[in-house]
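The structure under discussion appears below in the form of structure tokens.
What follows is calculated from the coordinates using simple rules that are stated; it is not laboratory data. Given the structure is predicted, the values throughout are model-derived calculations rather than measurements. Counting neighbours? That spans all protein chains shown, and the Cβs are built from the backbone with ideal geometry, glycine included.
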Amino acid sequence: MVSSEQQHANLPLTLPPLGMFFEIAPSLLCVLDAGGYFHTTNPEFSSRLGYVLPALQSHRFLDFVHPEDCEATFDVLSQLGESAVTLENRYRSATGSYCELRWQLTKKAGWIYGAALEVVAVEKPDAEPAEQAAQALDTCQPVLASIFDMAGEAIICIDQDQQIQLFNRRAENIFGYGAQDIVGQPLGRLLPEPSSLTNWRQRDTFGTSGARPVAEGTSTVTGRRKNGETFPAVVSVAKNSMDGGLWYTIVLQDLTGQMAAAASIRRSEERLRTTTNALPVLIAYIDAQEYYRFNNRAYENWLGVPYQSLEGQRLSQALGPDIYAIIQPYLHQALKGERVTFEVELPKSDRAYRWVSISYQPDIQKGKVKGCFALTQDISAHKAADQLKDEFVSVVSHELRTPLTSIHGSLKLLTTGKLGHLAPQGQELLEIALNNTERLTRLINDVLDLERIESGLIKMIKVRCRVADLLEQAAHAMGSMAQAHGVTVNIVPVEADIYADPDHIEQTLTNLLSNAIKFSLQGQTVLLEAVDQPHQILFKVIDHGRGIPEDKLETIFERFQQVDASDTRKHGGTGLGLAICREIVQHHHGRIWVKSIHGQGSTFCFTLPKSSREDPSP
Amino acid sequence: MTRRQILLIDDETDIQTVAKIGITLSTDWEVITANSGEAGLDVAIATPPDAILLDVAMPGMDGLATLAALKQNPATTDIPIIFLTAKAQAADRRRLYEAGAKGVILKPFDPTTLASQMAGFLAWPF
């Protein structure tokens with residue numbers, strides 16, 4: 001009688017009960033012949049590696065072993081006996097990937113029996129959740145390690161006894177310790193006031209559950225570097241319960257740089273405030289809701305209240321209803337995104353009215369008006385000076401003209417001969433005196449004109465006027481002069497209207513005509529022409545006189561820049577006529593220039609825009 | 001026909017003289033003179049002239065104030081007034097016309113044509 005053990009041992013492999021195990025075993029099973037060729041494999045072998053048996057039967061076991069593991073596998077196989085041998089190798093699946101397999105191999109009766117379990121599965125879709133989590137953790141480990149090392153903040157882990165356990169690279173940079181020096185040391189080495197941390201420890205009244213943080217807190221602390229230097233820092237603390245012990249993770253941010261930046265901003269603000277406070281102008285920032293957000297000290301003098309008290313006040317409240325009503329339309333314009341400058345007379349805190357110039361510069365960020373910068377300047381002195389200048393010009397104008405009127409009038413009456421006749425030389429001297437009096441009169445008129453136009457005392461009052469009328473009036477005004485010189489003035493008009501100050505345009509045209517007539521020869525023709533262009537009218541005064549040398553074409557519009565220095569004497573000009581013309585044209589937003597060929601005549605041109613654009617001069 | 005009477009009001013006696021000679025050389029008009037707005041007003045009220053030649057810039061009552069006073073007085077309100085002014089600007093001239101002037105003659109004026117200029121403004125035959 002044989003024992004059941006013996007019976008089992010002696011049972012051939014093909015016995016039905018064992019064959020069933022072969023079918024259902026979760027391991028990879030295979031039987032190889034003596035040459036190492038596949039004879040049989042179980043379904044798990046096929047399903048895991050993807051091979052079907054008939055295809056395998058022409059292959060040796062070694063054919064699918066990773067080249068690097070081939071030699072070791074060959075050694076085991078060639079020396080295999082009846083005792084089971086364990087072997088690990090990488091085995092190629094039908095997809096070409098390798099599975100790491102742990103084999104139990106044995107040889108019996110010329111057959112090699114192999115059973116394998118996977119060590120690391122390339123794919124394991126049906127793995128248990130706990131196993132998956134473990135795998136996920138395995139995968140995360142290097143990522144976490146890299147985050148730990150690369151983090152921009154110091155990460156320090158301590159145990160419940162406040163012994164440092166982990167210390168990342170940033171912590172090394174901040175504190176100046178290497179991890180190897182500080183791990184195992186008390187936290188007090190880094191944070192000299194551990195009491196700041198006891199607060200959050202005391203806050204810990206939560207229970208413990210797994211590895212999730214169970215207490216958290218953020219506080220500002222003082223850190224101490226290896227060199228003894230202390231620094232401000234902010235820490236976040238998370239507490240974890242792990243393996244029965246407590247584990248604190250401290251994330252620390254060094255505020256030294258931020259504090260320095262904040263201090264720098266504060267200093268810069270202080271400088272700005274000191275500077276703006278020292279200025280005699282009123283400087284403010286007004287937000288889109290019309291609240292003051294910044295005021296300099298000058299406001300104190302103006303409004304009679306501490307300037308700091310204005311910040312956060314609505315303008316209507318800070319300035320009072322009367323002043324607010326005056327500035328409101330301009331402010332609204334600025335808060336719509338327009339740059340506004342205006343002059344207005346406003347009462348100061350002492351109730352005295354002062355002239356101010358106010359500029360609003362909108363603060364536009366990303367296309368939205370966030371507010372506006374306001375600059376208010378007391379221009380009363382400037383206004384008074386302007387008025388004084390105006391009065392001075394007026395007085396000079398009167399005081400110079402009054403004696404001239406008497407001199408000129410007397411000479412004029414004497415030259416008529418109605419009061420008696422002089423000897424020819426006496427008559428000649430009388431003519432010289434008269435001519436020079438007239439020249440002096442023109443010069444005074446021109447100097448005053450130019451001064452008043454340039455200073456803006458004369459405002460161009462633009463009205464709609466017919467171009468043809470302007471030409472005819474100018475030609476008519478110069479008719480007697482043309483006749484006296486034996487020169488014909490022809491007009492080429494155009495049917496168009498412009499917005500211009502007719503008196504001043506006529507003055508420009510008569511100045512140009514007067515020059516053209518003066519420099520034409522007897523019998524020549526002067527042409528006064530207007531050309532209708534898309535956005536402007538081009539005026540031309542063309543003569544066929546002596547012309548202007550090329551080097552004078554640019555300077556001819558400057559004061560006292562005549563072609564010939566003797567022109568004032570010979571032709572009675574003042575040297576200011578063209579300068580006046582240029583001022584008038586420029587006040588109309590036009591352009592003036594001259595084309596000339598020396599010896600063949602000149603063409604003076606100027607343009608005036610057709611639109612009714614307002615004169616920007618005050 | 002009686003001689004036309006002109007009242008010339010100007011604080012500058014030299015100008016008075018020149019204007020007076022200029023006018024009387026070319027016309028038979030009678031020229032009466034006054035050295036100030038106040039004096040001129042009194043003369044005008046006492047013996048209303050046919051026209052007044054009035055300087056603008058004068059100490060005390062200036063030309064415009066004199067014109068206003070003349071216009072307010074029924075005895076002088078209809079007397080045509082021509083200004084003499086050194087202010088050559090168009091705006092200045094416009095202001096004078098708006099105040100009620102019949103004409104504006106710029107200084108320095110030509111005394112030989114002064115009367116003809118005045119006659120033009122007053123629509124008097126010359």
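Some values worked out for this structure:
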item: Those lysines that a straight Cα-Cα span of less than 17 Å connects to A:K540, excepting residues fewer than 8 apart in one chain; result: A:K518, A:K595, A:K610
item: Karplus (6.51, -1.76, 1.60) ³J(HN,Hα), θ = phi - 60°, over the stretch A:529-542, in Hz, Gly and Pro reported as x; result: 10, 10, 10, 7, 10, x, 10, 8, 10, 9, 9, 10, 10, 10
item: Filtered GluC sites (Glu not before Pro), the stretch A:458-552: DSSP coil and at most 16 other beta carbons within 10 Å; result: A:E495
item: Helix-only [θ]222 nm of chain B, DSSP H runs n ≥ 4, -39500 (n - 2.57) each, per residue, nearest 500; result: -12500 deg cm²/dmol
item: Eligible lysines near A:K368 by straight Cα distance, threshold 20 Å, same-chain separation 8 or greater; result: A:K336
item: Full-extension gain in nm, A:T525 to A:Q160, via 0.36 nm per residue minus C-alpha separation; result: 120.2 nm
item: Estimated FRET transfer efficiency when R0 is 30 angstrom, pair A:I147-A:S93 (beta carbons, to 0.05); result: 0.30
item: Computed E for B:S116/A:V344 - FRET, C-beta separation, R0 41 angstrom, nearest 0.05; result: 0.25
item: Neighbourhood net charge (14 Å Cβ-Cβ; Lys/Arg +1, Asp/Glu -1) for A:L470; result: -4
item: Prolate/oblate/rounded call for the stretch A:23-123, Cα gyration tensor, a/c under 1.5 rounded; result: rounded
item: Cα-based reach from B:K87 at 19 Å (exclusive), listing lysines while leaving out same-chain residues under 8 positions away; result: A:K389, A:K459, B:K102, B:K107
item: Around A:E68: net Lys/Arg minus Asp/Glu count, Cβ-Cβ under 14 Å; result: -3
item: Loop-located trypsin sites (Lys or Arg not before Pro) in the stretch B:1-68 whose Cβ has at most 11 other Cβ within 10 Å (DSSP); result: B:R3
item: Computed label-point distance, nm, for sites B:W124 and A:E193 using a 7 Å Cα→Cβ extension; result: 10.4
item: Spin-label proximity, B:E38 to the stretch B:55-88 - amide N less than 13 Å from point 7 Å beyond Cα toward beta carbon; result: B:59-62
item: Overall Cα dimensions of the protein assembly as shown, principal axis frame, Å, largest first; result: 186, 67, 48
item: Extension reserve of the A:E270-A:K366 stretch, reckoned as 0.36 nm per residue once the Cα distance is removed; result: 31.8 nm
